[in-house]
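Everything on this sheet refers to the single structure shown next.
The values are calculated or read from the model by the stated rules, or taken from the named source; none is laboratory data. Keep in mind that this is a model prediction, so the values were computed, not measured. Because the Cβ atoms are built from the backbone with ideal geometry, glycine has one as well, and the counts that use them run over all protein chains shown.
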Amino acid sequence: MDIHQLKIFKAVFERKSFSEAAQKVYLTQPTVSGHIRALEESFGIALFERTSKAVIPTKAGEFLYPYAKSLLNELEEARKAMAAFAGGQKGLLKIGGSNIPGNYILPRLIGRFKQARPEVKIHLKISDTSRIKKMVLERELDIGVIGAPASEDELLCEPCFEDSMTLICPPGHRFCKAEEIDFSELQQEAFIIRETGSGSRFMAENAIVTAGYNGFDALNVVAEIGSTEALCQAVKAGAGLAIVSLRAVQDDMNMGLLCSAKISGIDFRRRFYIVTVIKGVQCPASIDFTQFLRDNSSS
């Protein structure tokens, strides 16, 4: 039994005629008869009674018909679904974002992408940069957007969105009124940093090292915290100072809940990065969303 035989069987059943069924499926009458005989042999039972006036379905033929009809309908739906999938209109898209892009960039862009592709289902995973890279490598995610460049040979890494990091302190702190401070002044303060594996931590420390200092080892680090939101809450509570993305604290700064200060001689500008596997086969929706990120990287 194969799908083509079921299609011929359905045509014969509905038209009660081999000749009319042959016209429907664009075959000769002997070819149609041969396919029906092959189908009957595969089941070991007759599906039609042949008379001089008509072709009459047997009880076995009547029993098979709804299954054949259902299977052929499902096949047609599968063809339509695959055509939509190939066109990027359907499918499941698994996206990962490190803390800042995952919370402050991707949700807005996903909303805009879904307006054009409402049938594409999107799952967003938020974790630190190291975890997102690992999930992309293991094919658990189609695309990752992370806060530090990826060095893994298996990953394609391209810069996208721009960001800037800043020193934050609680309202009333002595740095709030300073236009610019020297790095040596930070060494007198308690300092809070993100956990190992965070892109924000990597980029902040890299900027400090590039400026000629000994990274976070030069500071009085009192805590490592696993998310930017929790880190900001700790700063508000007076636990210490921190360096975070401006995107994460802009609202708090506007409401006077946090203050920021510029550290002289250190450039905290950075980029986020799109990561995908080099040798992996991306689904059409993934390819389209990656291009969508490129087109909107200035936002």
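Give the residues of the stretch 289-299 that are at pLDDT below 90 and out of contact with any strand residue (DSSP E or B) (no Cβ under 6 Å at 6 or more places or on another chain), sorted by residue number. Steps first, please.
Let us first name the residues in the stretch 289-299 that are at pLDDT below 90, namely 297-299.
Answer for the stretch 289-299, where residues must be at pLDDT below 90 and out of contact with any strand residue (DSSP E or B) (no Cβ under 6 Å at 6 or more places or on another chain): Ser298, Ser299.
Does Ser200 satisfy being part of a loop (DSSP other than H, G, I, E, B) and among the hydroxyl-bearing types (Ser, Thr, Tyr)? Quick ask: steps written out before the conclusion?
Numbers: part of a loop (DSSP other than H, G, I, E, B): no; among the hydroxyl-bearing types (Ser, Thr, Tyr): yes.
It is false that Ser200 is part of a loop (DSSP other than H, G, I, E, B) and among the hydroxyl-bearing types (Ser, Thr, Tyr).
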The stretch 72-89, subset in contact (Cβ under 8 Å) with a residue 60 or more places away in the chain and surrounded by fewer than 15 Cβ atoms within 10 Å (Cβ to Cβ), residue farthest from Cys283 (Cα to Cα): Leu75
Of the conditions (1) exposed (fewer than 13 other Cβ atoms within 10 Å of the Cβ); (2) assigned by TED's automatic domain parsing to the domain that holds Ala11; (3) charged (D, E, K, R), the single one that Arg108 does not satisfy is (2)
Any chance Leu167 is part of a strand (DSSP E or B), in contact (Cβ under 8 Å) with a residue 40 or more places away in the chain and in the same structural domain as Glu229 (by TED's automatic domain parsing): yes
Let me confirm something: among Ala218, Ala285, which residue is surrounded by fewer than 19 Cβ atoms within 10 Å (Cβ to Cβ) and either at pLDDT 95 or above or farther than 24 Å from Glu162 by Cβ (or both)? Ala218
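Can you tell me which residue within the stretch 179-195, out of those that are assigned to a loop (DSSP other than H, G, I, E, B) and touching a helix residue (DSSP H, G or I) at 6+ places or on another chain (Cβ under 8 Å), is surrounded by the most Cβ atoms within 10 Å (Cβ to Cβ)? First the steps, then the outcome.
Going through the stretch 179-195, the residues assigned to a loop (DSSP other than H, G, I, E, B) turn out to be 179, 182, 187-189, 195.
In the following step, the residues that additionally are touching a helix residue (DSSP H, G or I) at 6+ places or on another chain (Cβ under 8 Å) were identified as 187, 195.
On the way: Gln187: 12, Glu195: 14.
The qualifying residue surrounded by the most Cβ atoms within 10 Å (Cβ to Cβ) is Glu195.
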Based on this model, can you work out whether Pro66 counts as surrounded by 15 or more Cβ atoms within 10 Å (Cβ to Cβ) and free of Cβ contacts under 8 Å to residues at least 60 places away in the same chain? no
Restricting to helices (runs of 4 or more DSSP H) lying wholly in the stretch 1-91: which have 3 or more residues that are under 42 Å from the mean Cα position of the chain (by Cα), closer than 30 Å to His123 by Cα and not polar (S, T, N, Q)? 59-86
Is it true that Ala230 is in a helix (DSSP H, G or I), surrounded by fewer than 19 Cβ atoms within 10 Å (Cβ to Cβ) and not charged (D, E, K, R)? yes
So, Phe9, is that one in contact with a Pro (Cβ under 9 Å, 6 or more places away or on another chain), surrounded by 13 or more Cβ atoms within 10 Å (Cβ to Cβ) and in contact (Cβ under 8 Å) with a residue 40 or more places away in the chain or not? no
Quick count over the stretch 156-178, residues being under 30 Å from Gly96 (Cα atoms) and exposed (fewer than 14 other Cβ atoms within 10 Å of the Cβ), is 3
In the stretch 209-224, is there at least one residue being under 21 Å from Arg270 (Cα atoms), touching a residue at least 60 places away in the same chain (Cβ under 8 Å) and not in a loop (DSSP other than H, G, I, E, B)? no
With (1) at pLDDT 95 or above; (2) out of contact with any Ser or Thr (no Cβ under 6 Å at 6 or more places or on another chain) as the list, and Glu185 as the residue in question, which single condition is left unmet? (1)
Here is a check on your reading of the model: is Ser33 small (Gly, Ala, Ser), touching a strand residue (DSSP E or B) at 6+ places or on another chain (Cβ under 7 Å) and touching a residue at least 12 places away in the same chain (Cβ under 8 Å)? no
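Which residue, of Lys59, Lys125, is surrounded by fewer than 13 Cβ atoms within 10 Å (Cβ to Cβ) and at pLDDT 90 or above?
Only one candidate qualifies: Lys59.
Please return the ranges of strands (runs of 3 or more DSSP E) entirely within the stretch 235-299 where 2 or more residues are under 18 Å from Ser98 (Cα atoms).
On the way: elements: 242-245, 259-263, 269-277.
It comes to 242-245, 269-277.
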